[in-house]
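The next block holds one structure in the form of structure tokens; read it before the comments.
The values are calculated or read from the model by the stated rules, or taken from the named source; none is laboratory data. All of these numbers come straight from a predicted model, not from anything done at the bench. Here the Cβ positions follow ideal geometry from the backbone for every residue, glycine too, while neighbour counts run over all protein chains shown. These accessible areas exclude ligands, DNA and RNA; they are computed on the full protein's heavy atoms, side chains included. Shrake-Rupley method; radii C 1.70, N 1.55, O 1.52, S 1.80 Å.
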Amino acid sequence: MSVGFIMLVHEALDRAAQVARHFCDHAKPVVIHVDKRVDDASFNWLRQKLADCPDAVFCDRHACEWGSWSIVNATQTASTIMLDRFPQVRHVMLASGSCLPLRPVKELERYLTARPRTDFIESVTTDEVDWTVGGLSQERFTLRFPFSWKKQRRLFDANVRLQRALKYERTILDGLVPHLGSQWWCLTRHTLSAILQDPRRPEFDAYFSRVWIPDESYFQTLARLYSSQIESRSLTLSKFDFQGKPHVFYDDHLQLLRRSDCFMARKIWPQAEGLFRAFLTQSDRMPNVVEPNPLKIDRLFSRATERRTRGRSGLYMQGRYPNDGWENGKTAGRYSVFEGFDDLFENFDSWLERRTGNRVHRHLFAKDRVQFAGDVPVYNGGLSDSAALRDYSPHSFVTNLTWNTRGEHQCFMFGPHDAQDISAILASDRNAHISVITGAWAIPLFHSNQNFADLRKEAARLQRIEGAHLDLLRTGLTKARVSIWSLAEFIEDPMEKLQMILDELGGSGQRRLTEVPRMADLSGFGQFLQNLKNQGMSPHLMGDFPVIEGETRNDDQHRPYLVK
Amino acid sequence: MGLLKSYRLRLERRRWRARAFRKRRELTELRNRTQQIGKRDVLLFCTLRNERVRLPYFLSYYRGLGVDHFFFVDNGSDDGTGEYLADQMDVSVFQTEEGYKRARFGVDWMNWLQMRYAHGHWSLTVDVDEFFVYPFCDTRPIQALTDWLDASSVRSFGTMLLDMYPKGTIETATYREGDDPFAVAPWFDSGNYTIQKNPKYGNLWIQGGPRARAFFYDNAERAPAMNKIPLVKWNRAYAYVSSTHMLLPRGLNLVYDEWGGEKTSGCLLHAKFLDVFKEKSVEELKRNQHFANSHEYKAYNQGLSESPDLWCQWSEKYINWRQLEILGLMSKGNWA
């Protein structure tokens with residue numbers, strides 16, 4: 001009772017020789033198929049190298065092209081020799097030249113001996129697979145594939161499209177239920193010989209020779225006809241990336257491979273000297289009967305695929321520059337923009353920072369320089385306070401800021417005095433939370449000591465800028481979460497609105513507001529607006545303010561605008 | 001891309017190649033060891049002038065990565081650079097006294113040597129102060145990367161130039177022959193780079209870092225380009241257009257993913273800001289042989305004569321490639 005190995009070799013012959021010798025040293029027969037495209041000198045070298053191994057046999061060579069029938073043909077030839085020449089063999093394991101046994105052969109033998117009638121072959125119906133290259137699964141069996149996927153991709157694709165359009169379909173042979181799976185199997189003599197000696201084999205072969213990638217379906221389908229017990233998994237650890245190309249193992253995977261307890265792994269990088277040395281020379285330990293557990297490796301590779309296909313949200317770098325709409329997150333994290341708040345409240349930024357623990361900047365987009373929190377000249381990640389550098393690419397500025405401060409929540413002030421190029425970017429970003437008190441910019445004007453004509457001009461200018469900004473925020477394309485109040489609306493009940501903002505910022509568990517920022521003195525503000533109107537300007541963004549004060553608020557005379 | 005545009009780029013590429021072919025006359029062989037080159041060897045190409053002191057570490061770094069053969073163009077050194085290189089067994093040296101600027105900052109010479117010797121090879125084009133870092137470079141030789149790129153049908157590999165600087169003024173970063181430059185200049189900026197797409201060639205245009213922060217504070221668009229594509233599976237039909245920032249055909253510039261994913265990419269650690277740079281920048285300014293009328297060097301020299309300290313509170317200290325990966329300055333992509 002024993003196990004024999006079939007090796008399909010087409011490159012790195014020295015490594016194949018090393019592995020074949022390893023099997024022979026443990027008295028296990030090996031049948032080697034060398035791709036016909038390997039030159040004779042190399043083939044003879046390999047023969048020579050294994051000349052002293054009586055149980056290493058070479059079979060007839062076929063030229064094997066990826067995804068073609070020739071690989072199945074080669075496997076059949078080698079299997080026939082294996083079954084004929086080595087009658088003691090009970091399980092046959094198919095391996096490639098870039099496979100490496102991770103556990104001692106004895107352990108594999110013991111494992112198989114305990115499961116004498118089990119065929120280890122991943123075999124899944126076409127409805128269940130989601131890993132097929134090019135999305136072809138069932139269609140592998142029903143379309144025709146005269147063109148090479150690797151060399152004639154355009155023709156290949158066009159041909160598939162054409163057949164789909166024409167609704168062309170081959171009939172699947174009677175009695176066959178198409179199954180797919182990893183091409184690296186370990187079958188019992190019983191099943192393998194039944195497949196090879198089937199009276200219908202010419203018919204099957206003729207059919208599968210026209211199926212796409214038959215090495216992933218021939219044995220996988222036929223084993224279902226004869227096997228008494230199929231374990232639908234491969235004993236060979238072999239993972240494919242999103243392009244359908246096998247992941248490769250290197251020296252730095254040594255510990256990971258050791259702990260996986262898999263019997264065989266591919267592909268090994270031929271120059272991974274450390275892996276070959278470690279696994280081919282390990283002394284026989286106490287036979288270990290644990291089941292293979294490739295979970296950690298699975299995770300590693302699925303993370304890699306995820307990084308390649310989805311990437312890290314909010315990251316822009318030399319390897320990732322998503323087209324508009326494909327960023328899966330324009331920025332790396334949520335942030336809040338406050339407009340008008342610092343005009344209405346004194347020291348709003350320091351109050352907000354105390355209340356929420358978030359990083360609160362002043363006007364990041366101020367025209368003269370970037371006003372980082374703490375007024376520093378350089379911020380996280382080396383962001384400069386230079387307005388020129390910032391305005392050179394406002395988009396990069398915001399994405400850099402959020403990327404550099406991943407895990408923190410950034411807040412900053414914004415208003416019509418600031419550089420406005422960023423507006424469109426903020427509006428289109430799901431991570432932005434924008435709270436606006438419209439018209440609050442009039443408060444500093446109201447308190448300033450300028451000539452009224454200048455004030456009027458300035459008010460008109462600011463209103464125009466803020467108006468355009470608000471139009472942008474109100475379009476249907478805006479993805480940011482936007483709350484807009486007019487100044488009049490906001491001061492009706494500022495406590496409630498501040499509480500709402502804090503709740504959103506701080507999540508749950510926030511206590512009620514106790515300390516509130518001091519509101520600017522607005523007595524006479526209604527008259528100020530009326531004066532603007534009288535001068536021919538129409539200040540509308542502030543909402544409606546009564547011209548005469550005190551009618552509604554006379555009980556608050558002493559501290560009229562301090563919020564409790 | 002329209003047919004016309006595509007045709008124009010093809011013409012442009014032919015022009016660059018013809019120019020490189022013409023410029024071959026400017027190069028004389030000092031030592032040609034190209035017969036040693038094996039079929040699968042990884043080649044390195046470099047133009048330099050008076051960099052003798054940097055060479056021992058440079059060569060040992062790239063030998064350590066697994067580069068098999070080096071090509072140098074020695075542009076008129078008088079400090080023994082050429083002789084030193086000629087003595088190295090894995091180096092071929094070519095010499096020229098012609099203008100660096102007229103050879104488009106060495107690109108024509110590189111294009112010629114690559115056309116002649118690099119066809120079918122993975123070819124790494126770097127300056128003598130640029131050190132290539134790629135995912136797993138501490139455990140896997142460069143052949144592991146190029147084999148994987150071959151298997152993935154990828155022909156070019158993108159990087160970002162990462163300026164490294166000392167803490168303190170540049171004079172304090174004393175560099176001695178054979179030293180690891182990043183022992184004295186281990187700091188870098190991690191997150192102040194701007195990216196745009198170049199519509200003509202399809203490459204990304206990255207700017208930023210400490211140079212932009214310190215020297216181009218008011219003049220952002222003139223800050224130097226940091227995007228580089230140094231590693232290419234060369235074909236004699238290819239041509240670098242401007243330094244290693246971009247190539248033709250333009251498909252080679254698509255080293256970034258546009259659908260949200262990350263392509264495997266690396267960094268070129270730039271060991272520029274050492275004490276040896278100061279003398280150099282005075283000299284280079286005199287020669288006026290650098291890009292954009294040496295605008296960069298003028299800016300440095302102005303900055304450097306006031307001895308600026310590029311270091312700031314937010315500077316990161318270099319540890320290894322994994323750190324750069326986490327910071328988002330490079331990516332493993334789907335190479336695991």
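Given the pairs B:Lys5/B:Lys101; B:Lys39/B:Lys280; A:Lys497/B:Lys197; A:Lys330/B:Lys317, which are separated by over 32 angstrom at their Cα positions?
Pairs exceeding the cut-off: B:Lys39/B:Lys280; A:Lys497/B:Lys197.
Identify, among A:Ala373, A:Gly340, A:Phe397, the residue whose Cα sits farthest towards the positive end of the charge dipole of segment A:315-408, taking +1 on the Cβ of Lys and Arg and -1 on the Cβ of Asp and Glu, with the dipole about the Cα centre.
A:Phe397
Return the aspartates and glutamates within reach of B:Lys200: Cα separation strictly under 16 angstrom, same-chain partners fewer than 8 residues apart disregarded; answer none if there are no such residues.
Within the straight-line cut-off, B:Lys200 pairs with B:Glu12.
Let me have the 222 nm mean residue ellipticity of chain B computed from DSSP H runs of 4+ only, each contributing -39500 (n - 2.57), with the sum over all residues rounded to the nearest 500.
The per-residue figure over chain B is -9000 deg cm²/dmol.
Specify which residue in the list B:Leu11, B:Thr96, B:Phe21 is farthest towards the positive end of the charge dipole of segment B:1-109, using unit charges on the beta carbon of Lys, Arg (+1) and Asp, Glu (-1), about the Cα centre.
Of B:Leu11, B:Thr96, B:Phe21, it is B:Leu11.
For chain A, just give the cysteines left without a disulfide-compatible partner, judged by no other Cys Cβ under 4.7 Å.
A:Cys59, A:Cys64, A:Cys99, A:Cys186, A:Cys262, A:Cys411
Taking the alpha-carbon distance from B:Lys286 and a cut-off under 14 Å, which aspartates and glutamates remain once sequence neighbours fewer than 8 residues away in the same chain are dropped?
Cα-Cα hits under 14 Å: B:Glu296.
Once each part is reduced to its C-alpha centroid, what is the distance from segment B:180-243 to segment A:257-271 in angstrom?
39 Å
How big is the C-alpha Rg of chain B next to the rule-of-thumb value 2.2 N^0.38 Å, as a ratio?
0.95
Residues of A:234-242, mean number of Cβ from any other protein chain within 10 Å of their own Cβ, rounded to a whole number?
Mean shielding count: 1.
Please list A:137-147, A:515-525, B:236-246 highest first by mean number of surrounding beta-carbon atoms within 10 Å per residue.
Averaged packing, sorted descending, gives the order B:236-246, A:137-147, A:515-525.
With a ≥ b ≥ c taken as the square roots of the eigenvalues of the C-alpha gyration tensor of segment A:448-531, please select rounded if a/c is under 1.5 and otherwise prolate if a/b is larger than b/c or oblate if it is not? Let's see the in-between values first.
On the way: a/c = 3.07, a/b = 1.37, b/c = 2.24.
Oblate, because a/c is 1.5 or more while a/b does not exceed b/c.
Provide the per-residue ³J(HN,Hα) series for segment A:378-390, in order, calculated from phi with Karplus coefficients 6.51, -1.76, 1.60 and θ = phi - 60°, each as a whole number of Hz, with x at glycine and proline positions.
With the stated coefficients, segment A:378-390 comes to 10, 10, 2, x, x, 5, 8, 8, 5, 5, 5, 5, 5 Hz.
How big is the equivalent ellipsoid of segment A:1-124 along its three axes, where each semi-axis is √(5λ) from the Cα gyration tensor, reported in whole Å from largest to smallest?
That gives 23, 17, 13 Å for the three semi-axes.
Divide by every residue of chain A the summed helix terms, -39500 (n - 2.57) for each DSSP H run of at least 4, and state the resulting mean residue ellipticity at 222 nm, rounded to the nearest 500 deg cm²/dmol.
-11000 deg cm²/dmol
Could you name the aspartates and glutamates in cross-link range of A:Lys367, using Cα to Cα under 12 Å and dropping any fewer than eight places away on the same chain?
A:Asp385, A:Asp391, A:Asp418, A:Asp421
Counting only protein heavy atoms, probe 1.4 Å: which residues of segment A:310-357 lose 10 Å² or more of accessible surface in the full assembly compared with their chain by itself?
Residues of segment A:310-357 that lose at least 10 Å² of accessible area once the other chains are added: A:Arg312, A:Leu315, A:Tyr316, A:Met317, A:Gln318, A:Gly319, A:Arg320, A:Tyr321, A:Pro322, A:Asn323, A:Trp326.
Find, among the trypsin sites (Lys or Arg not before Pro) in segment B:5-69, those assigned to loop by DSSP (not H, G, I, E, B) with at most 10 other beta-carbon atoms within 10 angstrom.
Loop-located and lightly packed - B:Lys39.
Summarise the partner chain shielding of A:388-396 as one whole number: the mean count of Cβ atoms from other chains within 10 Å of each residue's Cβ.
On the way: counts 7, 13, 2, 1, 10, 8, 1, 3, 9.
Per-residue shielding by partner chains comes out at 6.
Compute the projected area of the convex hull of the Cα atoms of segment A:372-427, averaged over all viewing directions, and report it in nm² to one decimal place. Present the calculation step by step, with values, prior to reporting the outcome.
Details: hull surface 16.1 nm².
Seen from a random direction, the Cα hull of segment A:372-427 projects 4.0 nm² on average.
If you take the square roots of the eigenvalues of the alpha-carbon gyration tensor of segment B:70-128 and sort them as a ≥ b ≥ c, do you get rounded (a/c under 1.5), prolate (a/b over b/c) or oblate?
oblate
Within 10 Å of each Cβ of B:261-271, how many other protein chain Cβ atoms are there on average?
4
Where is the GNM fluctuation largest for chain B (alpha-carbon springs, 10 angstrom cutoff): B:Thr146, B:Thr264, B:Thr34?
In the Gaussian network model the winner is B:Thr34.
As an exercise, use a Förster radius of 22 Å and the Cβ-Cβ distance of A:Glu273 and B:Arg63 to find the FRET efficiency, rounded to the nearest 0.05.
Calculated transfer efficiency: 0.80.
Note down the nm distance, to one decimal, between modelled labels 7 Å out along Cα→Cβ at A:Asp454 and at B:Asp138.
Roughly 6.1 nm, to one decimal.
When every alpha-carbon pair in chain A is counted, what percent end up more than 40 Å apart?
On the way: 79839 of 158766 pairs.
Counting pairs separated by more than 40 Å, the tail of P(r) holds 50 percent.
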